[in-house]
Structures are given as C-alpha cells and as structure tokens.
Amino acid sequence: MLSSFRISPRPVAKELIGSAVMKKLLWSLSVGAAIVGGAGDAALAQSGNKSITIANYGGAWAETLNRICIEPFTKETGITVTQAATEDSLAQIRVQQTTKNILWDIAPTERSGLPVSSKNGWLEPIDWSVVDPENKLPPTARKQYAIGAIAYSTTIGVRTDKLPEGKSFGGWKDFWDVKNFPGPRTLRNSPAENLEFALIADGVKPSDVYTVLRSPDGVDRAFRKLDEIKPAITVWWTSGQQPVQLLASGEVFYATAFNGRIQQLQKDKLPVKIIWSGGSLDVSYYSIVKGARNVADSQKFMKYCWNTPSRLAEIARAMPYSSFNPEIYKILSADEAKELPTSAANLDVQFALDSEYWAENLPRIQKRWEAWRLQ
C-alpha cells in the first residue's frame, strides 16, 4: 500500500497572484520570520552563518517540532533553526521564487504544493545519501524534492453514546445510512476527499477510488451520492478544530476529522470512536526551497528530525501522527502503534490521497462543488 502513494491539510493556491497580494505576502513572510523564529540577523551572527529557517503552520505541531527536534539539533550542531509562520506555503513559495527573495530554507509542500512546486522548478533535490543513507524510507516518503515527514488521516469520528442501541457503526456506508444511523453530520467544505468518501459509500473499494474518479462517469457518480447525504450535513467545516468541537458538544453525531483531533477527544474521556475504514491517508511533505541559503544543513536537519527513529517515536507519542521509517515500530509499544495511521491494521483499510489528481482537477471540480453547495 505504501508504494502506491502519489502525494502530500492545505488548500490549493490560485494560479495567479496580483501585485497587491504579492506585496502583502512578502510583508507577512518578513514579519512572520522575525516574530516566530526570532531575529534572523541576530541568529546568523551568533551561529556564524549556520542558520536555517523552516516555514511551518504553528500550533501544537510547531511546539512539538521545537521541543523534539529544533532545540536538541541546535544544541548538538550549533546550527540555529527558526520557524516562520505560514498559512499557505505554496503561494508564498511562488512569491519568493518570482521575486528571487528567498526567505525560507525548508517549507511544507503538502497536497498540491509538491507537484506544483516540483513542476515549476521551485525546489532543491533531496540528497538521499544524507537524508536516508540506509534506505529505510519507502518511496512514499522518498520523493525527488521532498521527504514525507509524518502521515495523518482524515477519518470518521462517532459519538458512541448517540448510536442506536444494538447497532455498530462501520464506515462510509453507515455514514450515508441516515435511516439506521439518524442524527446530524458534518463534512469538510471541500470536494477533495468527499468525492472519494462518497464513492466508497457507493460500494467502490478504497484502493479503486481514483480509477473510478478518472473514469468518464466517476465525478458525476460521486456527486450523485453526495446528493443523498447533503440534507443531513448541518455544518460544512473549514478548520480542523470545528468537527471535534461539534462532536464534543453533541451538535453532530458523526464527523470527518483528522485522526489526532479525535484521539485528543478520547484522551479527554469523551465517548468518541475513531473509524479508520475508508480513511484518507495524507502525508506532510517538507522540501528545500530553490535558492535556499543553507541547503547542506537543511538536509542534515531532515535526517535528524524526520528520519531518526528515536525522535520519530517521540513525535508519535506527542501527537498521533506517524513516520514511514519502520524502525519506530520497534520502539513503540503495541498499544501505541495501533493508534497510528501507518500501523499495518490501519494502513490496510485506507486509501492514499492522490495530490496529483487534485492538483490537475481541483479548479474544475471546485467550481462544480461551490455551485452544488448553493443548490
């Protein structure tokens, strides 16, 4: 299954960026680098030009990265690592390449970010003799221009106290079955993944969803199935915290959500179950930006943080998102492993989100999605 991955949560940036938007983005990049990562010039001076800047989405992930990777890496190597804030890395990579004002060394290239940036020549090739010298990573995580840092899944969260007595909820067919499983539901406000989920609910095997989507009737079939569930969707969520808040409050009984968010509800002792069957397995890719000031040390950091089993196990314990280095499963306990998206049991029942498909087709399908939502 891993070898079938063709990808890398973030919306696709618009193809054209006006000059006003470009100026705004450049301003935010400069401010973000200074505020989030500290004074860049001071860092360079202290480390004798040994410094790298990583663009990141902030929050718990940035805090985890800082504690497990950045602080010990700097202590061991003397290389200063700063994190710069970003909300749309693809748009900002484009701006930096267009203006030749390269502010980042490493950037997230999730979903369309990797295929679009690769095709446009905006990334440096990864030196796998440095990043993965023992060839531990599968092809999924060893891209020409990116390392698969962690995997996460969009899954179904179910309020078990809202299930009809004697009934067991198993996946997308049940999500669509409002007669036997009544109650409010929420889905993400995006055609990506929802078309795949609809096809699985319509009887397509998870491994076949992109074959069907690429067929002449595939997209039409998915929208016909979405027509059936649309009246039961009370909220179309737009941020990762929304669906878990709705589950926690009981405003919805069934929701799509990132696996780590649902597992946090479980830690908080809420009656919520995670359904892996038919889940969408996605990858957080990181790349080195073309023209980066410190390519060599960026490669070293990638190896240190995202391909060292002991640190990957620490990341998995801090946040239930897993690596592709199989050595982590020699460190983690069986109970810890079963909570991760890339454990054998969970991997076998999911599909790999195909970012190349969505990079090619999202503009067309997004217009249809927006019109359909308003109907």
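The values are calculated or read from the model by the stated rules, or taken from the named source; none is laboratory data. A quick note: this is a predicted structure, and the numbers were derived from the prediction, not measured. Please note: Cβ atoms are built from the backbone with ideal geometry, for glycine as well, and neighbour counts cover all protein chains shown. Remember, those area values only see protein heavy atoms, side chains included, never the ligands or the DNA or RNA. Shrake-Rupley method; radii C 1.70, N 1.55, O 1.52, S 1.80 Å.
Considering the alpha-carbon set of segment 199-281 alone, what are its Rg and its Dmax in angstrom?
Cα only, segment 199-281: 14.8, 46 Å (Rg, Dmax).
Please report, to two decimal places, log10 I(q)/I(0) for segment 219-265 at q = 0.28, 0.29 Å⁻¹ as given by the Debye formula with identical point scatterers on the Cα atoms and no solvent.
-1.00, -1.04
Let me check something: with ligands and nucleic acids excluded, how do THR308, THR238 order by accessible area (1.4 Å probe), largest to smallest?
THR238, THR308
For the chain, restrict the atom set to alpha-carbon positions and state the Rg and Dmax in Å.
Reported Rg and Dmax, both Å: 20.9, 66.
How much area per residue is accessible in the chain when the probe is 1.4 Å and only protein heavy atoms are counted (Å²)?
The answer is 43 Å² per residue.
Identify, among THR140, SER215, GLY250, the residue whose Cα sits farthest towards the positive end of the charge dipole of the chain, taking +1 on the Cβ of Lys and Arg and -1 on the Cβ of Asp and Glu, with the dipole about the Cα centre.
Selected residue: SER215.
Per q in 0.16, 0.28 Å⁻¹, report the Debye log10 I(q)/I(0) for segment 265-307, using one uniform scatterer on each alpha carbon and no solvent.
-0.67, -1.02
Ranked from highest to lowest mean number of other Cβ atoms within 10 Å per residue, what is the order of the peptides 163-170, 196-203, 254-261?
Ranking, from highest mean packing down: 254-261, 196-203, 163-170.
So what are the ³J(HN,Hα) numbers for segment 115-130, from phi and the Karplus equation (6.51, -1.76, 1.60; θ = phi - 60°), rounded to whole Hz, Gly and Pro as x?
These are the phi-based 3J(HN,Hα) values: x, 5, 5, 5, 5, 8, x, 9, 10, 8, x, 7, 8, 6, 5, 9 Hz.
Can you tell me the alpha carbon radius of gyration of segment 198-243 divided by the globular rule-of-thumb value 2.2 N^0.38 Å?
Values: Rg = 12.6 Å, N = 46, 2.2 N^0.38 = 9.4 Å.
Relative to the rule-of-thumb radius for its length, segment 198-243 sits at 1.34.
Under a 5 Å amide H to amide H cut-off, with H placed in plane at 1.01 Å, what residues pair with ALA84 once short-range neighbours are removed?
Answer set, sorted by chain and number: ILE54, ALA55, ASN56.
Would you mind checking which residues have amide H under 5 Å from ILE150's amide H? H placed 1.01 Å from N; only 5 or more apart, or other chain.
Long-range HN contacts for ILE150: SER284.
Say R0 is 45 Å: what FRET efficiency, to the nearest 0.05, do LYS173 and LYS50 get from their beta-carbon distance?
The pair LYS173/LYS50 has a calculated efficiency of 0.25.
Over the Cα atoms of segment 61-180, how large are the radius of gyration and the largest Cα-Cα distance (Dmax), in Å?
So, for segment 61-180, Rg and Dmax equal 20.6, 62 Å respectively.
In nm, to one decimal, how far is the modelled label at LYS273 from the one at ILE331, with both set 7 Å along Cα→Cβ?
Once both label points are built, they end up 3.3 nm from each other.
How are the alpha carbon pair distances in segment 318-375 distributed across 5 Å bins from zero to the largest one, expressed in percent?
It works out to 4, 15, 18, 13, 10, 10, 12, 9, 6, 2, 0, in whole percents.
Could you sort out which of LYS173/LYS273; LYS119/LYS303; LYS303/LYS338 sit more than 19 Å apart by Cα distance in this structure?
Over 19 Å Cα-Cα: LYS119/LYS303; LYS303/LYS338.
Spin-label point model (7 Å from Cα, Cβ direction): what's the GLN241 to THR98 distance in nm?
3.1
Across segment 88-94, in residue order, what do the Karplus-derived ³J(HN,Hα) couplings come to in whole Hz, using 6.51 cos²θ - 1.76 cosθ + 1.60 with θ = phi - 60° and x for Gly and Pro?
In residue order, the calculated couplings are 9, 5, 4, 4, 6, 4, 4 Hz.
State the percent of C-alpha pairs, over all pairs in segment 225-332, separated by a distance greater than 24 angstrom.
Values: 2594 of 5778 pairs.
Counting every Cα pair in segment 225-332, those more than 24 Å apart make up 45 percent.
Hey, could you get me the Stokes-Einstein D for segment 94-157, Kirkwood radius over alpha-carbon pairs, 37 °C and 0.692 mPa s, rounded to whole µm² s⁻¹?
Taking Rh from Cα pairs, D becomes 243 µm²/s.
Using a basic spin-label model with each label point 7 Å from the Cα along Cα→Cβ, how many nm lie between ARG373 and GLU134?
My value for the distance between the label points is 4.6 nm.
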